[in-house]
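*Asks:* For reference, the structure I am asking about is given below.
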Amino acid sequence: MKKIYAYMMTILALASCQVTNPYSKVVDANDLMIYNHGELGRCVTCPAELLDVLIGFEEYLNKSDEDKMYDQKYYGRITDYGSDTYGISAQISGLNCTVDTGGKSIWEEGAEWEFSVISYYGHYNDSQLYINHDIYFDKGGVLKMENPADSVWTFHADNVESRVKMIRTDSTRVWKVEGHCRVNGENGLSSVSATGAEGMSVRKVWVDLGTTYPRQEISYSGSFSTDLFKGDEKIDFCTMTFRPGFAASCTTSR
Amino acid sequence: MKRILLTALALLIGAMALAQDWRAERNKAFKEKFPYRYEVRLGWSGYPILDANNFPNGYSGGHRDYDIMPYHPGSGDVDALYGTAYAPEYMTGMISGEFSIHFKRWFTLAVEAGFNGIWGEVYDKYDGSHVRTNRGVTFTVIPHARFYWVNTRSVRMYSGIGLGVGLGGYDKEFMVYPAAQLSPVGITAGRKIFFFAEGSIGTAYMGGKFGLGYRF
């Protein structure tokens, strides 16, 4: 009887059809790089992008009605909810948020701009990695002006804490960001991510590949690391070092 | 005019009577060479397209557990990074039994009941260790209407259509769904014991089915 059963199972196994490919594989270095870059998006890119958009937004608000109409970036993409609360469309730069300014300028000392929700869609591309960030802070966050003289703000949202300093240049804004964030998973998994000791520089650059329309990408300088834990045990890590115009160099545990 | 009509009517009735006799003769001749009222079949079918779409993971509708959702950069979902990985999943294809009643020389009604076995291994994405084996099965019942258009002593050919119901479960998922099969061409070869094969498209199997049968 056992023989018959074994024959039947063998025939079934041999004649059966495979209906799916393996959905995913064991975590590798590339997975860790993508995760690390995702966390970089949450605690570095998103706060810098937020400030970049909001400073432009405030400049737009201070314009006359006639001048507003000639502002191609912001006109028609701001919703005024009243009570100093505005909706900012993702069409401006991929960042969508609703912000309560509290009636204060973003440059005013002690100004706290509160967000009910923030989402950001952006992408990073070098010769090794192409990553689409899809960031969503569903509990919102707070942006606080810390030091007007040095143009320094802090950003807090969902276990993310960042300190963002604006460095003006002739052509575009450059941001110096020091940030760290934490993720607590459901099965004892967690991650802690942070910029290197000197922080990271972030700037937007226009990329024209010749084959598509020029598009805006983000250029980083500095390093960013993530440590991953199961309980108290460190199970993986990834450190990425960025140099403008070059592919990121990575050190991972895999 | 009346005479012409009466003649035409008489000719028509005569022709109908002759046709009936001819048909009766033909049926009688067929009964002699095919004296079977019932038949049973055991068959194995092609690709179980609907089950393959409904149950395994990796398909758009199949993401059931949070731990198999892919990680999206920036989601902060560490569970998705270290969830489970699904090795290829397999299906036996529908193995079915069938009971048929031959009502007419050209018409048969059949009821098919079959099962399709599903299994797949699940691994931990952290270290590739085996987590569990998922197993499941689906059952399908389909009544078929078959229309025979070649009836020789040993070979019969037919077309068929069937509508029924399927149900089954796999990896915490249970579903009930309609089943439909269209078989443009089928062939049986043999008499009391016969081999059959049919080309078929439908929800339970795609491609075809073959097997053995017994008539009595």
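*Asks:* Picking from A:Gly103, A:Gly87, A:Gly196, which is most flexible by a Gaussian network model of chain A using Cα springs under 10 Å?
*Replies:* A:Gly103
*Asks:* Please give the helix B:2-33 orientation as an angle from the longest Cα principal axis of chain B, in degrees from 0 to 90, rounded to the nearest 10.
*Replies:* Approximately 60 degrees, to the nearest 10.
*Asks:* Let me ask another. Using a 1.4 Å probe and counting only protein heavy atoms, arrange B:His102, B:His130 so the residue with the most accessible area comes first.
*Replies:* Ranking B:His102, B:His130 by accessible area, largest first, yields B:His130, B:His102.
*Asks:* If you don't mind, there's one more thing I want to ask. Within a Cβ distance under 10 Å of A:Ser116, other residues only, what is the Lys/Arg minus Asp/Glu net charge?
*Replies:* Around A:Ser116, the surrounding residues sum to -2.
*Asks:* With a 1.4 Å probe and all protein chains in place, put B:Thr133, B:Thr138 in order of accessible area, largest first.
*Replies:* Heavy-atom accessible area, descending, gives B:Thr133, B:Thr138.
*Asks:* Among A:Lys104/A:Lys139; A:Lys176/B:Lys125; A:Lys3/B:Lys192, which pairs are too far apart, with a Cα-Cα distance over 24 Å?
*Replies:* Violating the 24 Å limit, Cα to Cα: A:Lys176/B:Lys125; A:Lys3/B:Lys192.
*Asks:* Something else now. For the range A:1-126, build the charge dipole from Cβ charges (+1 Lys, Arg; -1 Asp, Glu) around the Cα centre, then report which of A:Met8, A:Ile55, A:Val26 sits farthest towards its positive end.
*Replies:* A:Met8
*Asks:* Run the numbers for B:Asn151 and B:Lys33: contour at 0.36 nm per residue of separation, minus the present Cα-Cα distance, in nm. Before the final figure, lay out the partial values.
*Replies:* Numbers: separation 118, 0.36 × 118 = 42.48 nm, distance 0.98 nm.
Length gained, B:Asn151 through B:Lys33: 41.5 nm.
*Asks:* Dipole of the range A:26-252, Cα-centred, from +1 at each Lys and Arg C-beta and -1 at each Asp and Glu C-beta, to the nearest 20 debye?
*Replies:* The calculated dipole for the range A:26-252 is roughly 440 debye.
*Asks:* In whole Å and largest first, what semi-axes does the C-alpha gyration tensor of the protein assembly as shown yield when each eigenvalue is scaled by 5 and square-rooted? Provide the component values of the computation, followed by the final result.
*Replies:* Numbers: eigenvalues 995, 184, 58 Å².
Value: 71, 30, 17 Å, ordered largest first.
*Asks:* Here is a further query. If you take the accessible area of A alone plus B alone and subtract the pair, what total do you get in square angstrom, rounded to 100, with a 1.4 Å probe?
*Replies:* Accessible area lost upon association: around 3000 Å².
*Asks:* Another one. Using a Gaussian network model of chain B whose springs link C-alpha atoms within less than 10 Å, name the residue from B:Val185, B:Val111, B:Val131 with the highest mean-square fluctuation.
*Replies:* Looking only at B:Val185, B:Val111, B:Val131, the largest GNM fluctuation is found for B:Val131.
*Asks:* Something else: Mind checking which of A:Val26, A:Val207, A:Val192 has the largest fluctuation in a GNM of chain A, springs on alpha carbons under 10 Å?
*Replies:* A:Val26
*Asks:* Please give the net charge around B:Arg37, taking every other residue with its beta carbon less than 13 angstrom from that of B:Arg37, where Lys and Arg add +1 and Asp and Glu add -1. Intermediate values should be presented prior to the final figure.
*Replies:* Values: positive: B:Lys31, B:Lys104, B:Arg105, B:Lys192, B:Arg215; negative: B:Glu39.
Charge balance near B:Arg37 sits at +4.
*Asks:* How crowded by other chains is A:183-193, given as the mean number of beta carbons from other chains within 10 Å of each beta carbon?
*Replies:* 4
*Asks:* Could you state the per residue volume, in Å³, of the convex hull enclosing the Cα atoms of chain B?
*Replies:* Cα convex hull per residue, to the nearest whole number: 153 Å³.
*Asks:* State the extension gain, in nm to one decimal, for the chain segment bounded by B:Arg105 and B:Arg191, taking 0.36 nm per residue of separation less the distance between their alpha-carbons.
*Replies:* Numbers: separation 86, 0.36 × 86 = 30.96 nm, distance 1.45 nm.
Contour length minus Cα-Cα distance gives 29.5 nm.
*Asks:* Right, something else. Report, in listed order, any pair from A:Lys2/B:Lys172; A:Lys68/A:Lys144; A:Lys25/A:Lys230; B:Lys104/B:Lys209; A:Lys204/A:Lys230 with a Cα-Cα distance greater than 28 Å.
*Replies:* Checking Cα-Cα distances, A:Lys2/B:Lys172; A:Lys204/A:Lys230 exceed 28 Å.
*Asks:* Say R0 is 35 Å: what FRET efficiency, to the nearest 0.05, do A:Met1 and B:Phe210 get from their beta-carbon distance?
*Replies:* After rounding to 0.05, the efficiency reads 0.80.
*Asks:* Using θ = phi - 60° and the Karplus relation 6.51 cos²θ - 1.76 cosθ + 1.60, list the HN-Hα couplings for the range B:184-193 in order, rounded to whole Hz, with x at every Gly or Pro.
*Replies:* The phi angles translate into x, 9, x, 9, 10, 10, x, 10, 5, 10 Hz.
*Asks:* Read phi for every residue in the range A:183-190 and hand back ³J(HN,Hα) as whole Hz from Karplus 6.51 cos²θ - 1.76 cosθ + 1.60, θ = phi - 60°, with x for Gly and Pro.
*Replies:* The phi angles translate into 10, 10, x, 9, 10, x, 7, 8 Hz.
*Asks:* Shifting gears a bit: If the chain between A:Ala90 and A:Ser253 were fully stretched, how many nm would it gain, using 0.36 nm times the residue separation less the Cα-Cα distance? Could you put the intermediate results ahead of the total?
*Replies:* Values: separation 163, 0.36 × 163 = 58.68 nm, distance 3.62 nm.
Once the chain is fully extended between A:Ala90 and A:Ser253, it gains 55.1 nm.
*Asks:* Let's see if you can work this out: charge +1 on each Lys and Arg Cβ, -1 on each Asp and Glu Cβ, no other charges. What is the dipole magnitude of chain B about its Cα centre, in debye to the nearest 20?
*Replies:* With only Lys, Arg, Asp and Glu charged at Cβ, the dipole is about 2320 debye.
*Asks:* Using a Förster distance of 30 angstrom, determine the FRET efficiency expected from the C-beta separation of A:Thr172 and A:Ser83, and round it to 0.05.
*Replies:* 0.35
*Asks:* Here is a further query. Go through B:Gly83, B:Val40, B:Tyr170 and say which Cα lies farthest out towards the positive end of the charge dipole of the range B:35-215; charges sit on Cβ, +1 for Lys and Arg, -1 for Asp and Glu.
*Replies:* Farthest towards the positive pole: B:Val40.
*Asks:* Something else: If amide hydrogens are placed 1.01 Å from N in the peptide plane, which non-local residues have theirs closer than 5 Å to the one on A:Gly179?
*Replies:* Hits under the 5 Å cutoff: A:Arg163, A:Thr195.
*Asks:* While we're on this one: May I ask for the net charge around B:Ala110, where only other residues with Cβ less than 14 Å from the Cβ of B:Ala110 are counted and Lys, Arg are +1 while Asp, Glu are -1?
*Replies:* +3
*Asks:* Keeping all protein chains in place, calculate the accessible area per residue for chain B (probe 1.4 angstrom), answer in Å².
*Replies:* 51 Å²
*Asks:* While we're here: Under the definition of Cα pairs under 8 Å and six or more residues apart, what whole-number percent is the relative contact order of chain A? Please list the in-between numbers first.
*Replies:* Details: 491 pairs, mean separation 35.7, N = 254.
Relative contact order for chain A comes out at 14 percent.
*Asks:* I need the phi-derived Karplus couplings for the range B:151-168: 6.51 cos²θ - 1.76 cosθ + 1.60, θ = phi - 60°, integer Hz, Gly and Pro marked x.
*Replies:* 10, 9, 4, 10, 10, 10, 10, 8, 10, x, 9, x, 10, x, 9, x, 8, x
*Asks:* Same structure again: How large is the charge dipole for the protein assembly as shown, taken about the Cα centre, if only the Cβ atoms of Lys, Arg (+1) and Asp, Glu (-1) carry charge, to the nearest 20 debye?
*Replies:* Rounded to the nearest 20 debye, it is 5020 debye.
*Asks:* Roughly how many whole Å is it from the C-alpha centroid of the range A:162-195 to that of the range A:10-89?
*Replies:* 15 Å
*Asks:* Right, something else. Could you order A:Lys63, B:Lys209, B:Lys31 so the one with the most accessible surface comes first? Probe is 1.4 Å.
*Replies:* B:Lys31, A:Lys63, B:Lys209
The values are calculated or read from the model by the stated rules, or taken from the named source; none is laboratory data. None of these values were measured; they are calculated from a predicted model. Because the Cβ atoms are built from the backbone with ideal geometry, glycine has one as well, and the counts that use them run over all protein chains shown. Accessible surface areas use protein heavy atoms only, side chains included; no ligands, DNA or RNA. Shrake-Rupley method; radii C 1.70, N 1.55, O 1.52, S 1.80 Å.
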